[in-house]
Amino acid sequence: MPIQYYIVLAAALFCIGVVGVLIRRNAIIIFMSIELMLNSVNLMLVAFSKMHYALGNAANTGTPVNVGTDAQLFVFFIMVVAAAEVSVGLAIIVMMYRNIHSTDVNFLNRLKN
Amino acid sequence: MNAIIFSAGWGIIMMFCSFLVRNKSSFRHIAVVGLLVLLVVNILDSNGVAVFHIDSKNMLAYTRFGLLFNSIAIASTLIYVLLSGKDIARIGSYAAEYFILIFFVLCGVAILSSYNNLLMLFLGIEILSIPLYILTGSDKRNLKSNEASLKYFLMGSFSTALMVMGIALMYGGTGTFSLDVVRTETGLYKGVSFLEIIGLLFLMVSMCFKVSAAPFHFWTPDVYDGAPGVITSFMATIVKVAGFIAFLKLCYGRMTTTSTAIDWQLLFAVIIIATLLFGNITAIFQQSVKRMLAYSSIAQAGFMLFALFSLNDFASKGLLMYSAAYSLATIGLFAVLVKMKDVTFEGYNGLAKTQPVLAATNAIFLFSLAGIPLTAGFLAKYYMLASVVETGNYIWLVVVAVLFAAISTYYYFRVIQAMYFKTGEPQTENITGSFKFGLIALAAIIIIIGVLPQYLFNWLYF
């Protein structure tokens, strides 16, 4: 399949995530949207990795080169960091819930003035 | 490499201390010892003595500039812990954890000052940010602290998602994560690709979030106001300038080589003017000194952005100067602020009568932030503006910046006016002699850097 399909799919997922962050009012759903954005990036990185691998091997006909493998490593780093963020983020949301019994971000207006 | 491993290692050692050591006040001393060790190994590193020889495959590149910045960041943290260590330990019931998280933040700072690969940029930003989300919410019973923490977390992870998207697109365009891309006229990746420009724009937006440059600054006042005062001090100084160093490296690495395709200077000029405008104008109308300092940190970020605009020798020197001057002055101001019972301007009324040392040192810190000559802040602003003049483009930016600096003196001098020319009964917590001595030493450092800047810059070359 051509690379464009993957790019369009990843961009669509990313946009869904951005829209979700901007319009939803529940902290957990906002957080889910952010995870969706991170996962769309994973998809895009893997697609680019395969693209560069194919391009690199098409360019030189000698021994196969391993260009493009670093993006696949990057994906693992994103997964690990996302997991670390989830553990911290959910703890913060739980702390918030214990105090105000709600996860609605509309409650977050005490600091405005 | 020394600083990265020692800071992470000391954090883990302190984790064990947190359940082995019963005496709460000793954590502060362990942290001070750790920071001293960190400072020594980092200075050794800049003189070529590496404790660990680890081949990072060019993912981390150590320059004198990065190592000097790292020394400044560690030294500022040391001063910060010495001045406000007791207040840090008093935020909540987990005294050791706050210091541990500060060490992990320093690990992120060390990565950001030496990264040479976008993967390391991402990891550095995350190692820096995740402990800060926790520190912001460390006052667990306080609703304002909770709210600031949740807001910071949602904004921070959103901007991280934008950052990784940018990195992915840049990878698509160039096929490498390394900062120094070899661009050839022939071959596989020739010229500047469209994907890379889009990716760089994403990355730029995300970095603007992290350093709170307008129009992505809206989280800053709320978060700085809601977080416990001592933590705000750390976030507004060391963390923010670390973000600027990372941004500067990114600009040197990728933006200079793509300037044929897009006019970065114009973009930065727009961001600088917006940041100076929002920061300064809103700071005028604040009633609380803490919130005023939050807006002033946005305004100071506007000045630091000049380094990214001009990208020359003056700019990198000036950013070092700015990071030292701004961090030290703001740490001092916040150290006094957390001792005050009332953090509005009225709360400072008549401070010069009851606490003359606090008022005098506070005045010097405010002079430095406003950029009055003989203080470090003046030279920092001078270097920033000189760098713009040296590029030769957009000279009118200098005029705008000077005008805004003049506006900024209004809200800084309001604090001085309250301290010296108004009468009142300011309520402060118990001020010890060593705290006063620390403030005087800090004010002396600011004046020494302002008069003899070569002592700072000599580290760059020798």
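Shown in residue order for segment B:106-114 are the 3J(HN,Hα) couplings computed by the Karplus curve 6.51 cos²θ - 1.76 cosθ + 1.60 at θ = phi - 60°: 5, 4, x, 4, 5, 5, 5, 7, 9 Hz (x for Gly and Pro).
On the principal axes of its alpha carbon atoms, segment B:264-462 extends 51, 41, 21 Å, with the longest extent given first. Close amide-amide hydrogen proximity is noted between B:Asn117 and B:Leu179, each under 5 Å apart and 5 or more residues distant or on a separate chain (H modeled in the peptide plane; Pro and chain starts excluded). For the peptide A:82-90, the mean number of other protein chain Cβ atoms found within 10 angstrom of a residue's Cβ is 4. Remark: B:Phe27, B:Phe234 ranked as B:Phe27, B:Phe234, counting other beta-carbon atoms within 10 Å and listing the fewest first. Relative to the longest principal axis of the Cα atoms of chain B, the long axis of helix B:396-421 makes an angle of roughly 20 degrees. Each residue of segment B:55-68 was assigned a 3J(HN,Hα) from its phi angle through the Karplus expression (A = 6.51, B = -1.76, C = 1.60, θ = phi - 60°), giving 7, 8, 6, 6, 7, 10, 10, 9, 10, 4, 4, x, 5, 5 Hz with x at Gly and Pro. Counting, for every residue in B:352-358, the Cβ atoms of other protein chains within 10 Å of its Cβ and taking the mean gives 0.
The residues packed around B:Ser129, meaning those with a beta-carbon under 15 Å from its beta-carbon, carry a net charge of +1 if Lys and Arg are +1 and Asp and Glu are -1. Simple spin-label estimate for A:Ala84 and B:Ser26 gives 2.9 nm between the two label positions (7 Å along the Cα-to-Cβ direction from each Cα). Model label sites at A:Ala11 and B:Asn47, defined 7 Å from Cα along the beta-carbon direction, differ in position by 5.5 nm.
Placing a pseudo-label 7 Å from each Cα along the Cα-to-Cβ vector at A:Phe76 and B:Ile262 gives an inter-label distance of 3.1 nm. Ordered by the count of other Cβ atoms within 10 Å of each Cβ, fewest first, B:Thr354, B:Thr258, B:Thr174 give B:Thr354, B:Thr258, B:Thr174. Residues whose amide H falls under 5 Å from that of B:Thr344, counting only those 5 or more places apart or on a different chain, are B:Val289, with hydrogens built in the peptide plane. Per-residue 3J(HN,Hα) values for segment B:145-162, derived from phi via the Karplus relation 6.51 cos²θ - 1.76 cosθ + 1.60 with θ = phi - 60°, read 5, 4, 5, 4, 5, 5, 5, 4, 5, 5, 5, x, 6, 5, 5, 5, 4, 4 Hz in sequence order (x marks Gly and Pro). Residues A:Asp104, B:Asp87, arranged from fewest to most other Cβ atoms within 10 angstrom of their Cβ, appear as A:Asp104, B:Asp87. Peptide packing for B:117-123, A:67-73, B:331-337, B:401-407 was compared via the average number of neighbouring C-beta atoms within 10 Å per residue; ordered from the highest value, the list is B:331-337, B:117-123, A:67-73, B:401-407.
None of the figures in this text is laboratory data; all of them are computed from the coordinates on show. Values in this document were obtained by computation on a predicted structure and should not be read as measured data. Methodologically, a virtual Cβ is constructed for each residue, glycine included, from the backbone with ideal geometry; neighbour enumeration extends over all protein chains shown.
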